[in-house]
1. For the chain, set up a GNM with springs between Cα atoms under 10 Å and report which of Ser226, Ser142, Ser302 has the largest fluctuation.
2. Between beta-carbons, use under 11 Å as the cut-off and find the net charge around Asp84, counting Lys and Arg +1, Asp and Glu -1.
3. About the Cα centre, and with charges only on the beta carbon of Lys, Arg (+1) and Asp, Glu (-1), how big is the dipole of the range 80-216? Nearest 20 debye, please.
4. Rounding to the nearest 10 and keeping the result within 0 to 90°, find how far the Cα-based axis of helix 231-241 lies from the longest principal axis of the chain.
5. At a 10 Å Cβ-Cβ cut-off, how would you order Arg14, Arg110, Arg102, fewest neighbours first?
6. Once you have a ≥ b ≥ c as the square roots of the Cα gyration tensor eigenvalues for the range 61-107, tell me rounded if a/c is under 1.5, and otherwise prolate or oblate according to whether a/b is larger than b/c.
7. Would you calculate a helix-derived [θ] at 222 nm for the chain, using -39,500 (n - 2.57) for each DSSP H run of n ≥ 4 and dividing by the full residue count, to the nearest 500?
8. Would you tally the net charge around Ala267, using a Cβ to Cβ cut-off of less than 11 Å, leaving Ala267 out, and scoring K and R as +1, D and E as -1?
Amino acid sequence: MRLLLTGAGGQLGRDLLDALSGTVPSGGLRGDRSTGRLGTRAPCDVVPAAHSELDVSDRDAVLTAVEGVRPDVIVHAGAWTAVDACEEDPDRAFAVNSYGTRNVAEAARRFGAHVVYVSTDYVFDGTNPRPYNEWDLPHPVSVYGRSKLGGEHELDPGATIVRTSWVCGAHGANMVKTVLRLASGDGALRFVADQHGSPTFTADLSGAVCTLATERLPGIFHVTNSGATTWHGLAAAVVALSGGDPGRVEPISTSELMPPRPAPRPANSVLDNTALRLTGIPLLPDWQDGLERLLRVLDEPSNAEVPAPERAVSKAAG
Ligand SMILES: NC(=O)c1ccc[n+]([C@@H]2O[C@H](COP(=O)([O-])OP(=O)(O)OC[C@H]3O[C@@H](n4cnc5c(N)ncnc54)[C@H](OP(=O)(O)O)[C@@H]3O)[C@@H](O)[C@H]2O)c1
């Protein structure tokens, strides 16, 4: 099976490239628990397209790339993910996240590829008193959330939509790395305790995306690590598991954040993985388990610099 991966240089993209190519990403689990139906899946021929090689907001470039690669499946992980910056530049957010996905959907339609689109918990407003399932109505409160929902709306009904949340991995910037950096200094560690979500680790998420992609399962799937916490709970766990004093981490409310963040966040964006469960695909491990494995990976000096994807879409398409 031939796959085209957008956003291949990103945090999730780097682990997805490993998982789709048949390699367990650093910190990933071997076997069924992390990778779903691994036994039924052969490694794929993956053509990675990093942002520098394919800008999804360029319609001609997307059509040309997909025509050249002729993938069976396009895993579309490329997105503008800077939630606060999206608030200041909605045109760019919609150009990449909504219009870019329109271009991917058009190319897929034209050349007969299945699309797997990675979406977000921020499509919800967070007012639900319980976790959101795939049939709850989205109502995003930020430009980023609206632009990602715009992308969902561009897809054909047969496409796969993977909504995930609070993504952390070995590559790229994320909350775990921020906490480790802050904890190495003497300053106060203050994190909000009134936003609830499920931290999700790319080493685990990429296995499930792989299963959904290779089986071309249609519809929306919420895919997160199991369990939920707050940003304060996540920060305290990072500090404790890396040998520090979790008591150093002070809980604050969103309204106490100084300066306030430009983009509103949902107070509750816990995603119930209902569709995954009903399909019989194993749920991802608990978030604490994923966190422990990520911290071990980050602790290895050899993982400080991991080479970028070798094969570029431009080469494969040319
Ligand atoms: N991070 C989270 O907490 C989170 C939560 C829920 C869902 N998601 C979704 O998960 C997916 C992967 O996110 P991530 O955490 O891996 O973020 P990421 O590290 O920012 O990865 C996104 C990648 O997309 C690339 N990109 C940006 N603009 C592009 C464009 N115009 N055309 C093609 N590629 C472009 C980025 O490249 P540059 O950096 O070079 O611009 C980056 O490599 C995204 O779809 C995101 O919406 C993320």
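1. In this elastic network of the chain, the residue with the biggest mean-square fluctuation among Ser226, Ser142, Ser302 is Ser302.
2. Combined, the nearby Lys, Arg, Asp and Glu give -1.
3. 300 debye
4. Computed tilt is about 80 degrees.
5. By the 10 Å Cβ count, ascending, the order reads Arg110, Arg102, Arg14.
6. Prolate shape, in that a/c is at least 1.5 and a/b is the bigger ratio.
7. Helix-only estimate at 222 nm: -10500 deg cm²/dmol.
8. Summing Lys and Arg as +1 and Asp and Glu as -1 gives -1.
All of the numbers you see were taken from the coordinates with simple rules; none came from a lab. Quick caveat, the model's predicted, so the values are computed rather than measured. Backbone-built Cβ (ideal geometry, glycine too); neighbour counts: all protein chains shown.
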